[in-house]
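What follows is a short report on a single structure.
What follows draws every value from the coordinates through simple rules; no lab data is involved. Every value quoted in this text rests on a predicted model; they were computed, and no experiment measured them. Because the Cβ atoms are built from the backbone with ideal geometry, glycine has one as well, and the counts that use them run over all protein chains shown.
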Amino acid sequence: MSHLLSAKFNQHLHSLLASLVNKQSAQPRLIVALSGGVDSVVLLHLLKDFQGQYGQYQVIAHNVNHGLSENAQQWGSFCKDLCHQLAIPFISSHVVIQKKSRTSLEALARDARYQCFQEKMQDNDIILTGHHEDDQLETLLLALKRGSGSTGLQGIRTQQDFFTGSLLRPLLIFSRVQLVNYANEHGLQWIEDESNQNTDFDRNFIRHNVSPLLNKRWPAIAKSASRTAQLCQEQQSLLDEIAIEDLNACLVESFAQKTLLVSAAARFSDARRNNLIRHWLKSNGLQYPSHKQLKILWQEVALAAADKQPQLRLGTYLIRRYQGRLYIVSEQPLALPEKPLNWSGEDILWIDKNRLGVDFSAVSKELAKQYNVSCYLRKHLDASLTCLPEGRDKPRTIKKLLHEYQVPPWLRDHVVFVFVDGQLIEALDVWKCEDNKSKLLADAISPSLYSDD
Ligand SMILES: Nc1ncnc2c1ncn2[C@@H]1O[C@H](COP(=O)(O)OP(=O)(O)OP(=O)(O)O)[C@@H](O)[C@H]1O
């Protein structure tokens, strides 16, 4: 029977790679995430066979030692020996994880593992993991328990982008029993992680106490769960397409950020608006909010009375409203310099490392030589300093202007004021000054590069 599994695997992987490789110019390396458990050991064997048939791929294995089990060292040696026998290059990584609660420990180990994969990655690499159909069923049951809606019911994806390459899970079409049978027929050895037996943990509880019962009553339950996951993934792509379209109607650029216009979002039905807000948060690197958080975000932040300054904390971010727009604000403070910074010809003058800077790359070096350029922040300025912005009738203080130009209060300290030979020529991203003697230079300086993450 194992040759059937192997043939099905080869065909499946071949078509998965065909869709990926088309997008890439170079032949990718296939990196097996090898834990030493039966799933990834079978995956490694199947890949060795696949490589025999489609010789153009380089197969490599990568084991991560999380240092969480006394046996971790032994598992690493097991993986190394296995790769030696199969003549597969082996990468080993070691991470140190601070022990906390078990749940967070597992999540920390997973994050650290994917971080290791990323660090050892080359462009276009494809990381393959041994997730199978039963993992999918467990994941969906856990999602039901958490109540995470269609997002959670998407389960484990067969393919997803991963940094400069991709992640593939080609064993999701097989059950654990099929993989164990394959391993036995081939006389393969593997290791058992003793922690998998502990049913105090939800996934193990489902694996040992719930799935067997469900499988006995409905032998095709794992297949049905996989189908559900696939349908939910498809529906999510549709929801994402709708969200992108809807966001186009609601997003406005404001101080180098895409902010959400409350009046535009208010025109959508609740469901459609929730969908677009979820997408907006996710595409800015935040986790999907819970249903309750979404409700608070809309009712108590977006729609708060005009004189209020509402905000909602989501992880390390705050969602704030100002002048009818929602902003995503990082809670991580910027390290702002004590004194103004002089520009000495660099393409980007960083005010805060990699987060707030001024892009001078379009300024001609010849032009630059003629002037003395420096960048100030509000705290470096004399409070009585006035300025006449282009198109305005009379000068006003900087404080008044920041207010008039509707710069959100929390961003006012980050506005960069560019001075040329001691004269203010512009407040970057906000206004340019009338009658400035170095207009050409002012026009060439791009908006400050401001990333609030
Ligand atoms: N220590 C490890 N080193 C390399 N790969 C690993 C390691 N542990 C797990 N993997 C990979 O991840 C797959 C899934 O493992 P497991 O179910 O134990 O992890 P998980 O925490 O549920 O993973 P995920 O978060 O990726 O769903 C394995 O088949 C293997 O490919």
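Helix by helix through the chain, keep the DSSP H runs that span 24 Å or more along the axis on Cα and average at least -1.0 on Kyte-Doolittle, and give those back in order.
Those that pass (Cα extent of 24 Å or more, hydropathy at least -1.0) are 2-21, 102-119, 221-250.
Quick one, can you get me the convex hull of the C-alpha atoms of segment 112-160 expressed as volume per residue in Å³?
Cα-based convex hull of segment 112-160, divided per residue, equals 98 Å³.
Can you tell me the alpha carbon radius of gyration of segment 2-220 divided by the globular rule-of-thumb value 2.2 N^0.38 Å?
1.01
Tell me whether segment 341-450 comes out rounded, prolate or oblate; compute the Cα gyration tensor, take square roots of the eigenvalues as a ≥ b ≥ c, and use a/c under 1.5 as the rounded threshold.
oblate
What trypsin sites (Lys or Arg not before Pro) in segment 332-371 are in a loop by DSSP, with at most 10 other Cβ atoms within 10 Å of the Cβ?
In loop regions of segment 332-371 (DSSP not H, G, I, E or B), the sparsely surrounded trypsin sites (Lys or Arg not before Pro) are Lys353.
Can you report the principal axis dimensions of the chain using only the alpha carbons, biggest first, rounded to whole angstrom?
Projected onto the principal axes, the Cα atoms of the chain cover 86, 50, 42 Å.
Computed over the Cα atoms of segment 279-340, what is the convex hull's projected area averaged over all directions, in nm²?
Convex hull of Cα atoms, orientation-averaged projection: 5.6 nm².
From the backbone phi of segment 258-264, what are the Karplus-calculated ³J(HN,Hα) couplings (6.51 cos²θ - 1.76 cosθ + 1.60, θ = phi - 60°) in whole Hz, Gly and Pro given as x?
8, 9, 9, 7, 4, 5, 6
Regarding segment 1-117, what are the three Cα extents along the principal axes, ordered largest first, in Å?
Cα extents, longest axis first: 44, 31, 25 Å.
Note down the Stokes-Einstein diffusion coefficient of segment 146-262 in µm²/s, whole number, using a Kirkwood radius over alpha carbon pairs, 20 °C, and 1.002 mPa s.
So the translational diffusion coefficient is about 117 µm²/s.
Percent of Cα-Cα pairs more than 21 Å apart in segment 284-388, please.
Of all Cα-Cα pairs in segment 284-388, 58 percent lie more than 21 Å apart.
Could you compute Rg(Cα) / (2.2 N^0.38 Å) for segment 133-193, with N its residue count?
1.40
Please report the net charge: other residues with Cβ closer than 13 Å to the Cβ of Asp347, K and R +1, D and E -1.
With Lys, Arg at +1 and Asp, Glu at -1, the neighbours total -1.
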